[in-house]
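Colleague: One structure follows; several queries about it will come next.
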Amino acid sequence: MTEPAIQPILQGAPAGFAIPNGCFDLAVTEVQHYTDRLFRFRVERPASFRFRSGEFVMIGLPNAERPVMRAYSIASPSWDDTLEFYSIKVPDGPLTQHLQKIREGDTVLMRKKPTGTLVLDALTPGKRLWMLSTGTGIAPFASLIRDPDTYERFEQVLLCHGCRQVAELTYGQQIVAATHADPLVGDLARDRLRLFNTTTREPYGVQGRLTDLITTGAIYTHLDLPPISPADDRVMICGSKEMLTDCRDICLNYGLEEGANNRPAEFVVEKAFVD
Ligand code: A2P
């Protein structure tokens, strides 16, 4: 069976296009490009849409009879009145080759039901929360660091973001700066939230894969913190498939147990989707 042809129809749903069952059609309110591989966009938030900070939804475009939908973490906090997403651009990616061209006023499809395991409820109480992310895997943490609940549950929040190049760190750095200045969470975040950046393919202050920096202990030296332990530390992980496997192994080696929505434990894992 041949796939329906995908036409990049970007200004609103085309005449006669039926919004798929279970989807919202949402107007794009803002687009910002960071590099030739990364951009973010905001869409209007339907009044009936509720989610927990850290969850993801399926996103698509009204450009085919059966639109290609991909999972995207919501990068804005649950109290925000618009929804933000942070995306990779892949030249031949089934969705992102078109999505990267969206502009203000275009329409994006979003399935109505959010889900995900990178939620505070999937973790047992602890002292420190480690957020380990690579690439666009920072998106769910961009949501969680702006949620006051995060600081009610943890005394210290370590947002760790590893990228290939320095320019790919900008999004996270801007979100952290905005969080530190935010009237709702700024006071708590200035006291409790720290950003740790590393690059792998360009010189930077700290260089190397997050996993290597944890294994060698360099990250603890840099942050002046003790190694991750089941007693004090909780970990959320979001990145590529290989990164998740490596980080999961690290957590298991430290003696942490993997949690889920219905069974909170000491660490949780989610793939930073999309191609
Ligand atoms: P590297 O440059 O060594 O591949 P990507 O843009 O491909 O998603 O990668 C984002 C960052 O994640 C890069 O710095 C990359 O390093 C790093 N990375 C890739 N695989 C792993 C892994 N298994 N564990 C930790 N970091 C990884």
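Colleague: Give me a comma-separated list of calculated 3J(HN,Hα) values for region 87-99, in order, Karplus coefficients 6.51, -1.76, 1.60 applied at θ = phi - 60°, integers in Hz, x for any Gly or Pro.
Modeller: The phi angles translate into 10, 7, 10, 10, x, 10, x, x, 9, 6, 4, 8, 4 Hz.
Colleague: Taking amide H atoms as placed 1.01 Å from N in the peptide plane, list the residues 5 or more away in sequence, or in a different chain, whose amide H sits under 5 Å from that of Val206.
Modeller: Under 5 Å from the amide H of Val206: Thr199.
Colleague: Taking 25 Å as R0, compute the FRET efficiency from the Cβ-Cβ separation of Val166 and Arg190 and round it to 0.05.
Modeller: So the FRET efficiency works out to roughly 0.55.
Colleague: May I pose another question? With a 1.4 Å probe and all protein chains left in place, how much of the accessible area of region 127-275 comes from carbon and sulfur atoms, in whole percent? Don't skip to the answer; put the middle values down first.
Modeller: Working: 3060 of 6380 Å².
Result for region 127-275: 48 percent of the exposed heavy-atom area is carbon or sulfur.
Colleague: Please report the spacing between the Cα centers of region 219-275 and region 53-96 in Å, no decimals.
Modeller: Answer, in whole Å: 24.
Colleague: Let me ask something else about it. If you count the DSSP beta bridges with both ends in region 1-160, what percent of them are antiparallel, to the nearest 5? Walk me through the numbers on the way to the answer.
Modeller: Numbers: 24 of 29 bridges.
Percentage antiparallel, nearest 5: 85.
Colleague: Can you pull the accessible area of Glu155 for me, 1.4 Å probe, Å² to the nearest 10?
Modeller: Surface open to solvent at Glu155 totals about 110 Å².
Colleague: Work out, step by step, the length gained on full extension between Tyr204 and Ala47: first 0.36 nm times the residue separation, then minus their alpha carbon distance; give nm to one decimal. Display every interim value, and only then the final one.
Modeller: Values: separation 157, 0.36 × 157 = 56.52 nm, distance 4.27 nm.
So the chain would gain 52.3 nm between Tyr204 and Ala47.
Colleague: While we're here: For region 67-138, run through the chymotrypsin sites (Phe, Trp or Tyr not before Pro) and keep only the ones in DSSP coil with at most 15 other Cβ atoms within 10 Å of their Cβ. Mind showing how you got there, number by number?
Modeller: Values: sites: Tyr72, Trp79, Phe85, Tyr86, Trp130; in loops: Trp79.
Answer by residue number: Trp79.
Colleague: Compute the helix-to-body angle for 170-180: its Cα long axis versus the longest principal axis of the chain, expressed 0 to 90° and rounded to tens.
Modeller: Long axis of 170-180 versus the principal axis of the chain: about 70 degrees.
Colleague: Here is a follow-up. Skipping prolines and chain starts, which residues have an amide H placed within reach, meaning under 5 Å, of the one on Leu193, given they are 5 or more residues away or on another chain?
Modeller: It is Val157, by chain and number.
Colleague: Hey, could you pull the Cα Rg and Dmax for the chain, both in Å?
Modeller: 18.7, 60
Colleague: If you don't mind, there's one more thing I want to ask. Using the heavy atoms of the protein chains alone and a 1.4 angstrom probe, what is the accessible area of the chain per residue in square angstrom?
Modeller: Working: 12260 Å² over 275 residues.
Here the per-residue accessible area is 45 Å².
Colleague: Take every DSSP beta bridge with both residues inside region 120-269 and express the antiparallel ones as a percent of the total, to the nearest 5. Intermediate values should be presented prior to the final figure.
Modeller: On the way: 1 of 27 bridges.
Bridges in region 120-269 are about 5 percent antiparallel.
Colleague: To test your reading of the geometry: what angle, between 0 and 90 degrees and rounded to tens, separates the Cα axis of helix 241-253 from the longest principal axis of the chain?
Modeller: The helix 241-253 is inclined about 30 degrees to the chain.
Colleague: Restricting to the chain, what percent of DSSP beta bridges are antiparallel, rounded to 5? Mind dumping the intermediate values first?
Modeller: On the way: 25 of 53 bridges.
Here the share of antiparallel DSSP bridges comes out near 45 percent.
Colleague: Could you work out [θ]222 nm for the chain from helices alone, using -39500 (n - 2.57) per DSSP H run of at least four and dividing by all its residues? Round to the nearest 500 deg cm²/dmol. Before the final figure, lay out each step's value.
Modeller: Values: 8 runs with 60 residues, N = 275.
Mean residue ellipticity at 222 nm (helix-derived): -5500 deg cm²/dmol.
Colleague: Lysine pairs in the chain 8 or more apart or on different chains: how many have alpha carbons under 18 angstrom apart?
Modeller: 5
Colleague: Between the DSSP loop rule and a limit of at most 15 other Cβ atoms within 10 Å, which trypsin sites (Lys or Arg not before Pro) in region 188-236 are left?
Modeller: Details: sites: Arg190, Arg192, Arg194, Arg201, Arg209, Arg234; in loops: Arg201, Arg209.
Passing sites in region 188-236 are Arg201, Arg209.
Colleague: When the Karplus curve 6.51 cos²θ - 1.76 cosθ + 1.60 is applied with θ = phi - 60°, which whole-Hz ³J(HN,Hα) does each residue of region 186-200 get, with x for Gly and Pro?
Modeller: The phi angles translate into x, 4, 5, 5, 4, 7, 10, 9, 10, 9, 10, 10, 8, 10, 10 Hz.
The values are calculated or read from the model by the stated rules, or taken from the named source; none is laboratory data. Small disclaimer: the values here were computed from a predicted structure and weren't measured. For neighbour counting, all protein chains shown are included, and Cβ atoms are generated from backbone atoms with ideal geometry for every residue, glycine included. Ligands, DNA and RNA are stripped out before the accessible areas are found, and what is left, the full protein with its side chains, is counted by its heavy atoms. Shrake-Rupley method; radii C 1.70, N 1.55, O 1.52, S 1.80 Å.
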